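Some notes on the structure that comes next.
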Amino acid sequence: MRIAQIAPLYERVPPQFYGGTERIVSYLTEELVRQGHDVTLFASGDSKTSAKLVACSKMALRLDPSVKDPLLYHIMMLEEVRQRIDQFDLLHFHIDILQAPLVRDIADRTLTTQHGRLDLPDLIPFYGMFRELPLVSVSNDQHKYLRHANWVGTVHHGLPRDLLPFRPNAAGRYLAFLGRISPEKGPNRAIEIAARAGMPLKIAAKVDRVDQTYWDEIIRPMVEAHSNVEFIGEIGERDKAAFLGEATALLFPIDWPEPFGLAMIEAMACGTPIIAFRRGSVPEVVEDGTSGFVVDTIEEAVRAVRRIVSLDRTTVRAAFERRFTVERMARDYVQIYQELTPARTRSDRLRTLNGRDKALHAVQSLAAGLASPTAALRG
């Protein structure tokens, strides 16, 4: 298939540091290319891919100090897509809602993965207007917020099998928190859980400008007040394997309807179990008692820390390989691509055949006329 993957421009594909959506776009793109599909990636110019790259900004917008308005670059990217729209069998968007007016008339050639939160009331009238757009969720939990949207499937994220090596032993003997510093991610809860469990906590997270006040006023004072807590900051892909693999457990104490939570399956790939709050996708991702513990309160999380040694890290890794590989993710997407395109493909084929039939009839008529003695008179 000829497939366009349209990524956000905030991070490169794959990201240098934080960036769950761009990371998944990269894994999916590379696997589709490996499977033999003709893939074009619309992304930042510093992206690295084996697909054809259409550079829509010089570099990742978040890391470019000269960029003041990221929206403008995304609009220009959509123009790049529009100019090439007939080159693809399917356009797969990962940029939320911006493309809706552009692709409304060709909705059957598009797919939009909903990577973000959907519990926002403004989205209900939006998808009431653009209800023909085919959507994919990254967790079944997302469906309950937009019950009347055009959901065509759920595809859980997946990682390359060899991306993060399995660690049979947690050499570091610490709890890990990975992601970003924001109220919904629950770093304050992570600090309290670690303190009450008597365990060291390492926090590897970025601080966005929008969350700077939360960091300055809430989390940094908590970090400074607890000698067992170490704030590492934002880490790259190379450091993630050791950070997660050496941890006793990943704390995922979210306080929002998490769309998926890539850090959970990254930990599972290392064999590291998860202690996660029962919000959003968590019950779909964590098999309670197998790949981690699903909890509802800080007290339950503290008890889970003490029980975490009862979980077999080999079993955690096996759960990852069974459910969250990139091969499975790509296979799920290709099935949806094929389900979306047959009707249009048949219609295109019929138009082509009809055109051939008309051309053949014209040639046959011409040949018959040339064979007739009075053909010259008929001109």
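Of the residues ALA149, ALA170, ALA176, only one is surrounded by 19 or more Cβ atoms within 10 Å (Cβ to Cβ), at pLDDT below 95 and among the hydrophobic types (A, V, I, L, M, F, W, C); which? Even if it seems obvious, please write down each step before you answer.
Values: ALA149 fails: at pLDDT below 95; ALA176 fails: at pLDDT below 95.
Only one candidate passes the filter, namely ALA170.
Of all residues in the stretch 36-63, count the ones that are β-branched (Val, Ile, Thr), over 15 Å from HIS92 (Cα atoms) and open to solvent by less than 20 Å² (accessible area, probe 1.4 Å).
Of the stretch 36-63, the ones β-branched (Val, Ile, Thr) are 39-40, 49, 54.
Going one step further and asking which of them are over 15 Å from HIS92 (Cα atoms), we end up with 49.
Narrowing further to those that are open to solvent by less than 20 Å² (accessible area, probe 1.4 Å): none.
Number of matching residues: 0.
Yes or no, residue by residue, for (1) without any contact (Cβ under 8 Å) to a residue 60 or more places away in the chain; (2) over 30 Å from LYS68 (Cβ atoms):
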site	(1), (2)
ASN140	no, yes
LYS144	yes, yes
HIS148	yes, yes
VAL155	no, yes
PRO165	no, yes
PRO183	no, no
VAL210	yes, no
TRP215	yes, no
ILE235	no, no
Exactly one condition in (1) surrounded by fewer than 16 Cβ atoms within 10 Å (Cβ to Cβ); (2) modelled with pLDDT of 95 or more is false for VAL305; which is it? (1)
Does LEU250 meet the test of being open to solvent by less than 20 Å² (accessible area, probe 1.4 Å) and either in contact with a Gly (Cβ under 7 Å, 6 or more places away or on another chain) or at pLDDT 95 or above (or both)? yes
Matching residues, the stretch 7-56, being among the basic types (Lys, Arg) and out of contact with any strand residue (DSSP E or B) (no Cβ under 8 Å at 6 or more places or on another chain): ARG23, ARG34, LYS48
Going through the stretch 93-119 one residue at a time, which ones are surrounded by fewer than 18 Cβ atoms within 10 Å (Cβ to Cβ) and touching a His at 6+ places or on another chain (Cβ under 9 Å)? ASP96, LEU98
All but one of (1) under 20 Å from the mean Cα position of the chain (by Cα); (2) among the β-branched types (Val, Ile, Thr); (3) surrounded by fewer than 16 Cβ atoms within 10 Å (Cβ to Cβ) hold for ILE124; state the number of the condition that does not hold. (1)
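Just to be sure before I move on: is GLU184 modelled with pLDDT of 95 or more, under 19 Å from the mean Cα position of the chain (by Cα) and either open to solvent by 30 Å² or more (accessible area, probe 1.4 Å) or not hydrophobic (A, V, I, L, M, F, W, C) (or both) in the structure I sent?
Yes, satisfied.
The values are calculated or read from the model by the stated rules, or taken from the named source; none is laboratory data. Because the structure is predicted, anything quoted here is derived from the model rather than measured. Counting neighbours? That spans all protein chains shown, and the Cβs are built from the backbone with ideal geometry, glycine included. Heads up: the accessible areas ignore ligands, DNA and RNA and are worked out on the full protein's heavy atoms, side chains in. Shrake-Rupley method; radii C 1.70, N 1.55, O 1.52, S 1.80 Å.
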